[in-house]
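A short write-up of the structure that comes next.
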Amino acid sequence: MKHMAAHEAPVIARLEPSPGRRIFSLVALAGLGALLLQIALARPPQHLGWQVFLLVLGGLAVWLAVKLWQATARGLVLREDGLWEAGGRRLAALDEIASVDRGIFAFKPSNGFLVTLA
């Protein structure tokens, strides 16, 4: 039997981030960044160090909001030949996956899971 390409292997499971969570997370993180930047620029603190701190933290929050939006744009696809991004990039072969943990104490996002590689 020849090796099947990623797009030819049958899909076992597909996971996509929910649009509501993506939008809520983006608004919360970008809103925090905008608020910090607005405080730093409209009502600057007396000490210059605090203003720089607020500017850096606000810029970081906005940058993280953009990265969050990009990272959650892709879903996961589990096929017989491994775990793939929806865009076609292979993340791990099935024999490389040691365990999948959905436990309450697993380091994961809400309703998420943790994949441990061998």
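Does the stretch 65-76 contain at least one residue that is at pLDDT below 90, closer than 23 Å to Ala118 by Cα, surrounded by 13 or more Cβ atoms within 10 Å (Cβ to Cβ) and not acidic (Asp, Glu)? Don't jump to the end; show me each part of the working.
Applying the first criterion (at pLDDT below 90) to the stretch 65-76 yields 71-76.
Filter once more, keeping what is closer than 23 Å to Ala118 by Cα: 75-76.
Applying the additional criterion that residues be surrounded by 13 or more Cβ atoms within 10 Å (Cβ to Cβ) yields 75-76.
Next, from what is left, pick out any that are not acidic (Asp, Glu): 75-76.
Looking through the stretch 65-76, at least one residue is at pLDDT below 90, closer than 23 Å to Ala118 by Cα, surrounded by 13 or more Cβ atoms within 10 Å (Cβ to Cβ) and not acidic (Asp, Glu).
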> Got a sec? Which of Leu54, Leu83 is on the phi < 0 side of the Ramachandran plot, modelled with pLDDT under 95 and buried (at least 16 other Cβ atoms within 10 Å of the Cβ)?
Replying inline: Leu83
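Filter the stretch 36-72 down to residues that are part of a loop (DSSP other than H, G, I, E, B) and either among the acidic types (Asp, Glu) or under 30 Å from Arg14 (Cα atoms) (or both), then give me how many there are. First the steps, then the outcome.
Residues of the stretch 36-72 part of a loop (DSSP other than H, G, I, E, B): 43-47, 72.
With either among the acidic types (Asp, Glu) or under 30 Å from Arg14 (Cα atoms) (or both) added as a condition, the list becomes 72.
Result for the stretch 36-72: 1.
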>> Can you report the number of residues in the stretch 86-107 which are assigned to a loop (DSSP other than H, G, I, E, B), under 19 Å from the mean Cα position of the chain (by Cα) and surrounded by 11 or more Cβ atoms within 10 Å (Cβ to Cβ)?
In response: 3
>> Looking at the stretch 48-98 only, could you name the residues that are in contact with a Gly (Cβ under 9 Å, 6 or more places away or on another chain) and of a type in the set (Lys, Arg)?
In response: Arg74, Arg90
> Mind checking whether some residue in the stretch 73-85 is assigned to a loop (DSSP other than H, G, I, E, B), of a type in the set (D, E, K, R) and in contact with a helix residue (DSSP H, G or I) (Cβ under 8 Å, 6 or more places away or on another chain)?
Replying inline: yes
> For residues in the stretch 9-41 being exposed (fewer than 12 other Cβ atoms within 10 Å of the Cβ), of a type in the set (Gly, Ala, Ser) and within 23 Å of Val66 (Cβ to Cβ), which is modelled with the lowest pLDDT?
Replying inline: Ser18
>> Condition check: in contact (Cβ under 8 Å) with a residue 60 or more places away in the chain, closer than 30 Å to Leu32 by Cα and small (Gly, Ala, Ser). Does Gly75 satisfy that?
In response: yes
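The values are calculated or read from the model by the stated rules, or taken from the named source; none is laboratory data. Predicted model only: the values in this text are computed from it and were never measured. Please note: Cβ atoms are built from the backbone with ideal geometry, for glycine as well, and neighbour counts cover all protein chains shown.
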